[in-house]
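In what follows, a structure is listed as structure tokens, so that the remarks can point back to it.
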């Protein structure tokens, strides 16, 4: 800001004061405007994602129902016999054998058969999708598009459906679901937690309670702060070279079972979980240190005073007193792991996986990876299911974080009652 | 012979206490081992990369073409687009973040603070892949409708840069607010007593006093922007290209690493070792920035405490 010579008299002084006041107000509004813009970013982000989840889709059927069965309005009106007949008639041999192998057609429920016929016989595919806003304001354009394409029809869709939540990954966006990715995320999170929680808390206890004030401690502390700011993709490279390659016999499970080492592949849940474990370790250490720091020294002194040893003091007094904060800090760190994409893509999780993970040696995909893959495709329908998966991920994060806050409040209240 | 009479002049050595302490020490040492592991692995694989016939260090640092197919490994195109996206991000995040920080610490009432701060926290907690999706499906179409579809390509560094700016905005705002709040109240009061307006006090007194903290913020935010991956992987385009036009697509260092490792690379290929050489470069840049930022902020904490 330009400096204004403050000394003046009479009318001159009044004008200068006025100018300075106006300038002050100008900046005041500038600052408010910036804050409003920052807040607006969040709402635009959320609105644009929700906008993509609902809207018109123009579909076209591979084999329209009217050509298969005369005067049938909808698949739901067909009898059981008709459904089975259609299935055996039109589904290709290989797929039919796989379906029969899973569960014979005769034993399947009506709704199951309807889903089969819709998926494999009628085979709808998406030509184009519109967001919610465009669906409402530009309905004419949408209808025009549908008319221009032969056999195309309109369908107003919500891309998040119960089916979307339950179905496994598929190359067809209409039937693809996020179960595989969701389970993958949960498994990864479990490994990450089991690895980073004990190590993180142990390291924090050492640094806060035991560590002498010397060079090594200083280096450790500085190093932890630095690690927490290392780009996550670097951890991915570490995981790729160390867990996936060097420790391949362990992370692929070859040591524990008799898979021959030629098919062993280290790109497993174990590798992914450990990589993310390293990533969140510094965050957990820092959060736990803060929690332990908040425990008043008088508690430690009175424990020593009645003759407790150092470890007894830590185990019976310091840890219980700081436990709720430690837990909150850990959960927040884990929610970071849940949203992390780059390191997992780097260790090579992004191949097409449609089988549910069964243990730590399974190959996997996670929600963020699924979002990445779907978003990277140019077709609109994939964008829509990517938006659906984002909503699921955000809701999951919201639940986790609010449960952390709830737990902290509850534990705090309990402690206050006991005191 | 357990539990004999304690030694009258000293502490009795309890075995399990010592064991626990050493164990915890090992846990703490592991964080150092992570850094060592990162450095060792990045160096080891980079050595392999530089020892292969197709690559020389000078060509790597000063080459203007990155085309592994024909044995061209010049890092400049990748580095250039990393710098472009980061600069755009800083242009968005710094003025906005600083203004938000000033508003929160100098003007806002407690009630406004209690609304704005959680919103910033939510913004900071949203996974980066979501920002990537946002860049691709919202920011790019927006830029294309403003500047024209012929000018702005489908994938471009401008869109990625702006969204990274939004992504690091909460970091800038919170860190800058901490730095500004650390300035003692007496300085402000003295300035007000001399008749300055709040804005004048902010610009002439508070900001200069908070300068070291603000520069720490700047460096850390820059390091975040340089290391950001998913936004550029989705929105900045695939294919290294030396261009200064932010509306053209150009792959960044992180974008390249993700694309190459996302496909099935065979170990021991130049492609595989090249991502480690790039990783090493990224690590050195960000680690240096973090270190400087850390030492600056350690200093200003001492100044006022």
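Taking only alpha carbon atoms, the stretch B:76-200 gives an Rg to Rh ratio of 1.10, where Rh is the Kirkwood radius. Using bins of 10 Å that start at zero, the share of Cα-Cα pairs per bin across the protein assembly as shown amounts to 3, 12, 20, 23, 19, 13, 7, 3, 1, 0, 0, in whole %. Overall size of the stretch A:57-157 from C-alpha positions, given as principal axis extents largest first: 47, 27, 22 Å. Gyration tensor over the Cα atoms of chain A: the corresponding equivalent ellipsoid has semi-axes (square roots of 5 times the eigenvalues, largest first) of 51, 38, 20 Å.
Both the radius of gyration and Dmax for the stretch A:61-109 are 11.6, 32 Å, in that order, over alpha-carbon atoms. On full extension, the segment bounded by residue A:412 and residue A:166 gains 84.8 nm, given 0.36 nm per residue less the C-alpha separation. If R0 equals 45 Å, the separation of the Cβ atoms of residue A:257 and residue B:58 corresponds to a calculated FRET efficiency of about 0.40. Give me the angle, in degrees from 0 to 90, between the Cα long axis of helix A:269-293 and the longest principal axis of the Cα atoms of chain A, rounded to the nearest 10. On a 0 to 90 degree scale, this one is about 30.
Helix A:319-339 versus the longest principal axis of chain A: what is the Cα-based angle in degrees, 0 to 90, to the nearest 10? Here the helix axis deviates by roughly 40 degrees. Considering only B:110, B:160, B:233, the Gaussian network model of chain B with Cα springs below 10 Å gives its largest mean-square fluctuation to B:110. Principal semi-axes of the equivalent ellipsoid, √(5λ) from the alpha carbon gyration tensor of the stretch B:161-210, are 28, 11, 7 Å from largest down.
Remark: the residue B:22-residue B:83 segment gains 17.5 nm on full extension, using 0.36 nm per residue and subtracting the alpha carbon distance.
Fewest neighbouring Cβ atoms within 10 Å first, the residues A:315, A:374 line up as A:315, A:374. By how many degrees, 0 to 90 and rounded to 10, does the Cα axis of helix A:80-90 deviate from the longest principal axis of chain A? In chain A, helix A:80-90 runs at an angle near 90 degrees to the longest axis. Computed over chain A with a Gaussian network model linking Cα atoms closer than 10 Å, the most mobile of A:375, A:302, A:170 is A:302. For chain A, modelled as a GNM with alpha-carbon contacts under 10 angstrom, which of A:251, A:328, A:161 fluctuates the most? Comparing A:251, A:328, A:161 in a Gaussian network model of chain A, the most mobile one is A:161.
Let me make sure I get this right: for the stretch A:340-406, a, b and c are the square roots of the gyration tensor eigenvalues over alpha carbons, sorted descending. Under 1.5 in a/c it's rounded, otherwise prolate if a/b > b/c, else oblate. Which is it? Oblate, because a/c is 1.5 or more while a/b does not exceed b/c.
For the stretch B:66-300, the average shadow cast by the Cα convex hull is 14.9 nm², which is a quarter of the hull's surface.
Each residue in A:322, A:158 was given a count of other beta-carbon atoms within 10 angstrom of its own, and listing them fewest first yields A:158, A:322.
The separation of the stretch A:160-174 from the stretch B:218-276, counted between C-alpha centres, amounts to 30 Å. Inter-label distance, residue A:102 to residue A:19: 7.8 nm, where each label sits 7 Å from its Cα along the C-beta direction. In terms of surrounding Cβ atoms within a 10 Å radius of their Cβ, B:203, A:54 rank from fewest to most as B:203, A:54.
Pairs of alpha carbons in the stretch A:179-418 separated by more than 24 Å make up 53% of all such pairs. Per-residue ellipticity at 222 nm, computed for the protein assembly as shown from helices alone with -39500 (n - 2.57) per DSSP H run of at least four residues, works out to -21000 deg cm²/dmol.
Since every read-out is calculated from the coordinates, none of them should be taken as a lab result. Everything numeric in this text was worked out from a predicted model, so none of it was measured. No Cβ is skipped: glycine too gets one built from the backbone with ideal geometry, and neighbour counts run over all protein chains shown.
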